[in-house]
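Inspection log for the structure reproduced underneath, given as structure tokens.
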Amino acid sequence: MKKVMLLLPVLLAVIIFTSTACGKTPMTTPAPTSDSEREEEADDSEGSLGVPVMREQEENPPDESEPEEPDKRSTTYEPSIFVIEASGSWQHELDAGLKVNYECELYLDKIEPHNMHDYMGAYTGVFWLKLALDTEEYFSEFLDSVPFVDISLDAEAEGIRDDVSFYLRDGYTRDPTANFDIPDGQDGYLKPDHNGLAGKGSFVVNATKGNLAAHAQDTQKGIVMDHQQSGASDTEVSYIIHVAPDPNMEATRRDVKIHIILSDGSSTTLDGVWHRLPGYPDDLEKYYNSGKSQEILERHQ
């Protein structure tokens, strides 16, 4: 009985400890994790809140390089600037000994931004024309019998057209009923090649200046007459143009013939050139800054 009484305090202490321990969550020391387990945890696709975590490999895939900027100058058919240039001079006899000397200059271009083979269509630019009357031979023969009389007549005029257009087509697209023959100077005609370019038309050259000076003097009677007149009238110009063929569509230069007919009946055939220039944006800027058409206008106005 005494032994039982002695054990009661011990049993009570055990019961109190046990009940206290049952009300707490046992603390456990986490077991050490290996390197491979830590990598698996880091590779977990979701965070603690269930939000997907983007992996570093997905942000910068090692096998995919960033796309390079495309070459702005690479096209299947290069952009181009097509240019036609021609100039020349000729003489036309109005009457025995009465002649007119002509000069002209032509500059045309066509801007093609996509295809260096698309050289058909409208070429626009500048045409300048000048004429000067030559009467020395005419009056010298007339005045042989009257040596005491002196007569002279000087006349010149200029005109320019700053928006002239030539329309060029090949034999597959131009009017099959139109006549594109150019006189060859030997009683024959030059016909355009079927694969070459040709065109015909007319335009008016606007007069920019003109001057007429007439002088007559009778040295025997002391009579002198002078007359000055300024101004000139517009002139109509007709043309037929041939551009040599380019079967391989690779040429950068081709021969050109342009037959010019004026309203007074005079005519000539000019030898010119067609050439192709690069037409990328930086090339266009340089071309426009060169101002070839403007140069002609400033030189002749």
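The values are calculated or read from the model by the stated rules, or taken from the named source; none is laboratory data. Because the structure is a prediction, the values reported are computed rather than measured. Virtual Cβ from ideal backbone geometry, glycine too; neighbours counted across all protein chains shown.
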Out of all the residues in the stretch 195-215, is one or more in contact (Cβ under 8 Å) with a residue 60 or more places away in the chain, exposed (fewer than 14 other Cβ atoms within 10 Å of the Cβ) and farther than 23 Å from residue 79 by Cβ?
no
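Okay, residues lined up against (1) crowded, with 16+ Cβ neighbours inside 10 Å; (2) farther than 30 Å from residue 284 by Cβ; (3) within 31 Å of the chain's Cα centre (by Cα):
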| position | (1), (2), (3) |
| --- | --- |
| 99 | yes, yes, no |
| 102 | yes, yes, no |
| 106 | yes, no, yes |
| 116 | yes, no, yes |
| 122 | no, no, yes |
| 135 | yes, yes, no |
| 143 | no, yes, no |
| 152 | no, yes, no |
Out of 154, 150, I need the residue that is in a strand (DSSP E or B) and at pLDDT below 90. Which one?
150
Looking at residue 176 and the list (1) within 33 Å of the chain's Cα centre (by Cα); (2) over 28 Å from residue 296 (Cα atoms); (3) loosely packed, with under 15 Cβ neighbours inside 10 Å; (4) in contact (Cβ under 8 Å) with a residue 40 or more places away in the chain, which single condition is not satisfied?
(4)
Any chance the stretch 224-233 includes a residue that's under 23 Å from residue 90 (Cβ atoms), within 31 Å of the chain's Cα centre (by Cα), in contact (Cβ under 8 Å) with a residue 60 or more places away in the chain and surrounded by 14 or more Cβ atoms within 10 Å (Cβ to Cβ)?
no
Of all residues in the stretch 268-301 being polar (S, T, N, Q) and without any contact (Cβ under 8 Å) to a residue 12 or more places away in the chain, which is surrounded by the fewest Cβ atoms within 10 Å (Cβ to Cβ)?
289
Selected residue (criterion: nearest to residue 121 (Cα to Cα)) from residues of the stretch 199-233 that are of a type outside the set (A, V, I, L, M, F, W, C) and in contact with a Gly (Cβ under 7 Å, 6 or more places away or on another chain):
206
